[in-house]
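One structure below.
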Amino acid sequence: MKKSLLQYLKLFLLLGLGRVTTMHVAKQDVPASLVTLPLDGHFSFHDLSTAARDFGNLSSSPPVAVLHPGSVADIAITVRHVFLMGHHSTLTVAARGHGHSLYGQSQAAGGIVIRMESLRSVRMQVHPGASPYVDASGGELWINVLDETLKYRLAPKSWTDYLHLTVGGTLSNAGVSGQTFRHGPQISNVNEMEIVTGRGDVVTCSPEQNSDLFHAALGGLGQFGIITRARIALEPAPQMVRWIRVLYLDFTSFTEDQEMLLSAEKTFDYIEGFVIINREGILNNWRSSFNPQDPVRASQFEPDEEVLFCLEMTKNFNPEEADTMEQEVNALLSQLRYTPPSLFHTDVTYMEFLDRVHYSEMKLRAKGMWEVPHPWLNLIIPRSTIHKFAREVFGKILKDNNNGPILLYPVSRSRWDNRTSVVIPDEEIFYLVGFLSSALGPQSVEHTLNLNMQIIEFSNKASIGVKQYLPNYTTEPEWKAHYGARWDTFQQRKTTYDPLAILAPGQRIFQKASASLPLSS
Ligand code: ZME
């Protein structure tokens, strides 16, 4: 499609020029009006550079102010203030968690960025019992949630691969990992939230109370409110996990086994998978240094194939149940069709497993390879077209892993809630496919964006029925196409909860109207 080509060209031009786009705002007046607000925390009008950056490292738009909230009321007062200025102000507000957005989604050009990690007034509180849960601040990191809940031998049920992300940030998207096939994404494991809407109202919501806002905000890309607190469902935490990897030479047996495990009665606790393209290049490049669990090396397995598929799974256990665990694991493994010499496993603590990407982070940081551009592409692909997709993308478009993992694993639609804002394909099983490239060389950003564009264009032409996860679009027709039949609901919810389009401008879905500009009718 022409649209996506244009989108990437625009991004490329923006990067090539090395320019920063800033909205035209009467800058002098903004701090004056903000400093009068009675806050527990404070505004900063300097040190704006962090708020202008994100993990993607591809977009940079400085705000005019950063709010370091001392309370939920600070956030409400600030949003209400902007709301009451109405169309006389172009100010927008973006909640920033740990800044792991990719294309400027948590930035606010010329607006206010709220540093959500400052929101320490919402104390984390674990509630053990028959249906245990934890109340956590929207600005809390998942790693801290895990630390706290483990004190009670409890833990959240559904995770992301990387835990140094905030609760509010992942709930605004979906939050997916190898537990999603069983428990659904993180947004399927929330009992209640407190949200500051685009009108500056503080609203408690749940499936029973203010349920429309509750569902709107889950996967809502920050468009309807700022999540200041979330009540997250917990389960008993295992002490240990057996972490297993096996390799396949053929995509069909790989995905058939993944899907068999998905629906098996007594199955694994975590199922993911990844694609390894051109392993010579990989062994000499990122994987040798980056992953201590390199499945190819660990197995001393030397296939000729250019493309390999690694199935990764875990089984939770406590030390006294090791024998039972081993029997269950062996029963499951005996049903799989991987290449036998490729089996590799290790036993680690639950914390070591869940925080695994952080170990990679520390190694990459030491080499200056963490704070590099990340032109990531995450797609959701229906089961019915995944083979067609794989044949073209892994067989033709991509010649190697392009400096990062390519994740690929199926999940069940039945674990997702249709009422939330997240967009998924209309099929019972769909695949999460993540191209998580790091751009290392000078031409690497351009090269990767070009590959991403080829993947998207092929998918559109071949009617793969793909949806983007962490969607990155710049025009209204693209967003309309993304939401499809659900666009009207999405728009209606926007009118209800953020009528002036103050919130999360970096998603580029809605544009705040200004009185100084002629309003289009
Ligand atoms: C930049 C980088 C990503 C380093 C490690 N990763 C990851 N590795 C494995 N699974 C991941 C992941 N990031 C998200 N999921």
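The values are calculated or read from the model by the stated rules, or taken from the named source; none is laboratory data. Owing to the predicted nature of the structure, the values given are computational and were not obtained by experimental measurement. Cβ sites come from the backbone with ideal geometry, for glycine too, and all protein chains shown count toward neighbours.
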Discussion item. Of everything in the range 385-401, what is more than 13 Å from the ligand (Cβ to nearest atom) and farther than 18 Å from residue 427 by Cβ? Give them in sequence order.
Written reply: 391, 392, 393, 394, 395, 396, 397, 398, 399, 400
Worksheet entry | Output for the range 149-167, where each listed residue is farther than 13 Å from residue 187 by Cα, in contact with an Asp or Glu (Cβ under 8 Å, 6 or more places away or on another chain) and away from the ligand (no atom under 16 Å from the Cβ) | 154, 155
Worksheet item: Taking the range 469-481, which residues are surrounded by 17 or more Cβ atoms within 10 Å (Cβ to Cβ) and in a helix (DSSP H, G or I)?
Response: 478, 479
Worksheet item: Taking residue 435 and the conditions (1) more than 15 Å from the chain's Cα centre (by Cα); (2) within 16 Å of the ligand (Cβ to nearest atom); (3) without any contact (Cβ under 8 Å) to a residue 60 or more places away in the chain, which numbered condition does it fall short on, given that it satisfies the others?
Response: (1)
Practice prompt. Test residue 122 against the criterion of being away from the ligand (no atom under 16 Å from the Cβ), modelled with pLDDT under 95, of a type in the set (A, V, I, L, M, F, W, C) and not in a helix (DSSP H, G or I), and give yes or no.
Written response: yes
Discussion item. One residue is enough: does the range 461-468 have a residue meeting the conditions crowded, with 19+ Cβ neighbours inside 10 Å and assigned to a loop (DSSP other than H, G, I, E, B)?
Written reply: yes
Worksheet item: Which of the residues that make up the range 360-384 are more than 16 Å from the ligand (Cβ to nearest atom) and part of a helix (DSSP H, G or I)?
Response: 383, 384
Worksheet item: So residue 455 clears everything in (1) within 16 Å of the ligand (Cβ to nearest atom); (2) crowded, with 17+ Cβ neighbours inside 10 Å except one condition, right? Which one?
Response: (1)
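Residue by residue, here is whether (1) over 17 Å from residue 54 (Cβ atoms); (2) surrounded by fewer than 24 Cβ atoms within 10 Å (Cβ to Cβ); (3) outside the structural domain of residue 357 (by TED's automatic domain parsing) holds:
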residue	(1), (2), (3)
67	yes, no, yes
95	no, no, yes
99	no, yes, yes
110	no, yes, yes
151	yes, yes, yes
163	yes, yes, yes
Worksheet item: Can residue 113 be described as out of contact with any Pro (no Cβ under 6 Å at 6 or more places or on another chain), touching a residue at least 60 places away in the same chain (Cβ under 8 Å) and not hydroxyl-bearing (Ser, Thr, Tyr)?
Response: no
Discussion item. Looking for something part of a loop (DSSP other than H, G, I, E, B), in contact (Cβ under 8 Å) with a residue 12 or more places away in the chain, out of contact with any helix residue (DSSP H, G or I) (no Cβ under 6 Å at 6 or more places or on another chain) and among the charged types (D, E, K, R) - is there at least one such residue anywhere in the range 400-413?
Written reply: no
Worksheet entry | Selection from the range 16-44 of residues that are β-branched (Val, Ile, Thr) and at pLDDT below 70 | 20, 21, 22, 25
Worksheet item: Can you find even one residue in the range 251-258 that is buried (at least 22 other Cβ atoms within 10 Å of the Cβ), aromatic (Phe, Trp, Tyr) and in contact with a strand residue (DSSP E or B) (Cβ under 6 Å, 6 or more places away or on another chain)?
Response: yes
Fill in: Pair list, Cβ < 8 Å and 6+ apart or interchain, from the range 315-330 residues that are more than 18 Å from residue 351 (Cβ to Cβ) to residues that are exposed (fewer than 10 other Cβ atoms within 10 Å of the Cβ)
328/266
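To keep it simple, each residue is scored yes or no on (1) surrounded by 24 or more Cβ atoms within 10 Å (Cβ to Cβ); (2) in contact with a Ser or Thr (Cβ under 9 Å, 6 or more places away or on another chain); (3) not assigned by TED's automatic domain parsing to the domain that holds residue 500.
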site	(1), (2), (3)
138	yes, yes, yes
166	yes, yes, yes
174	yes, yes, yes
194	no, yes, yes
211	no, no, yes
228	yes, yes, yes
Worksheet, complete the sentence: Of the residues in the range 319-359, those that are aromatic (Phe, Trp, Tyr) and either within 16 Å of the ligand (Cβ to nearest atom) or assigned to a strand (DSSP E or B) (or both) number 3
Practice prompt. Filter the range 168-192 down to residues that are more than 16 Å from the ligand (Cβ to nearest atom) and either of a type in the set (Ser, Thr, Tyr) or more than 17 Å from the chain's Cα centre (by Cα) (or both), then give me how many there are.
Written response: 5
